[in-house]
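Have a look at the structure below before the remarks.
The values are calculated or read from the model by the stated rules, or taken from the named source; none is laboratory data. Please read all numbers here as calculations on a predicted model, not as lab measurements. Cβ placement follows ideal geometry from the backbone for every residue including glycine, while neighbour counts extend to all protein chains displayed. Accessible surface areas use protein heavy atoms only, side chains included; no ligands, DNA or RNA. Shrake-Rupley method; radii C 1.70, N 1.55, O 1.52, S 1.80 Å.
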Amino acid sequence: MRALPARRLASSALCATLLTAVAAPTALAADAGPAREQRARSAPRAPLPGADGLAAQARSLGDAGGVLAAITPLLDAALKADKGQLAKDQATKLAAAVQDAIKKATAATTATTPTAADPAAPTAPAAPASPAAPGLTKGGQGGTAAIADVKAASLAALQKAVDGLAAATTSGDPAKVAPAATAVVAGEVNVLAATLVGGGLPAPDLPGLPKPPSAPAAVPPAPAAPSLPAAPAAPAAPKPATG
């Protein structure tokens with residue numbers, strides 16, 4: 001009868017040992033989890049090479065895409081409406097959405113304008129040289145300012161065209177709608193062109209895409225002006241007569 005308590009004590013001790021062996025790793029893992037997360041948060045993070053340049057390119061395309069996406073409902077509504085005429089409140093609402101998108105793109109253009117010379121941007125594949133757009137120069141603060149001016153001007157011109165289309169759709173004159181819509185589409189193309197020129201984007205490499213025209217050869221120097229003939233020598237003064 002005395003052996004029974006001893007067996008119970010041994011059994012209890014064995015169970016306690018097994019529970020400790022099973023629970024200890026779990027407890028340690030639970031304690032190590034927050035510590036591991038804390039170390040991961042405090043560890044320095046290495047930036048992705050070229051991330052800033054790629055982000056700027058993506059923002060540039062995104063801003064242009066936002067403008068075009070806002071214009072599409074206005075164009076669709078105007079071109080599908082009876083005689084191109086919309087209700088005043090509908091035209092105002094559609095034009096206001098475009099105005100908001102243009103304001104956002106203009107603010108982004110004013111804040112920062114990436115250039116092709118951005119050192120953070122990845123090197124684009126070599127492409128045939130193409131003539132620079134009028135008024136644009138590459139590199140330096142002057143080039144960046146010129147590109148920003150062209151992009152801002154294209155957005156302002158597009159806003160003016162959108163206002164013209166909104167007015168045409170509520171004018172009661174169907175003949176005004178098609179020219180106004182054409183002006184809006186042309187304005188969209190100008191915005192895209194300004195974005196592609198000033199966005200520091202990689203050169204297109206689509207197979208079968210026509211190559212851009214080569215840059216014109218350097219203008220030959222102007223011929224030198226013909227030299228003037230030498231002036232004739234003055235005649236010698238006559239010698240005085242001797243007596």
Does V177 satisfy the criteria of being open to solvent by less than 80 Å² (accessible area, probe 1.4 Å), in a helix (DSSP H, G or I) and more than 21 Å from D100 (Cα to Cα)?
-> yes
Please state which of the following conditions A186 fails to meet, knowing it meets all the rest: (1) part of a helix (DSSP H, G or I); (2) more than 30 Å from K80 (Cα to Cα); (3) modelled with pLDDT of 70 or more.
-> (2)
Restricting the first residue to the range 199-210 and requiring it to be closer than 20 Å to S60 by Cβ, which pairs with a second residue that is open to solvent by less than 40 Å² (accessible area, probe 1.4 Å) and assigned to a loop (DSSP other than H, G, I, E, B) meet a Cβ separation below 8 Å and a spacing of at least six or different chains?
-> G199/P114; G200/P114; G200/T115; G200/A121
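Tell me, yes or no, whether the range 87-94 has at least one residue that is closer than 15 Å to V189 by Cα and either open to solvent by less than 50 Å² (accessible area, probe 1.4 Å) or aliphatic (A, V, I, L, M) (or both). Please lay out each step first, then the result.
Within the range 87-94, the subset closer than 15 Å to V189 by Cα is none.
No.
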Counted residues in the range 29-78 being at pLDDT 95 or above and open to solvent by 90 Å² or more (accessible area, probe 1.4 Å) come to 0
When residues of the range 190-207 are limited to those that are within 11 Å of A64 (Cβ to Cβ) and hydrophobic (A, V, I, L, M, F, W, C), the one surrounded by the most Cβ atoms within 10 Å (Cβ to Cβ) | A194
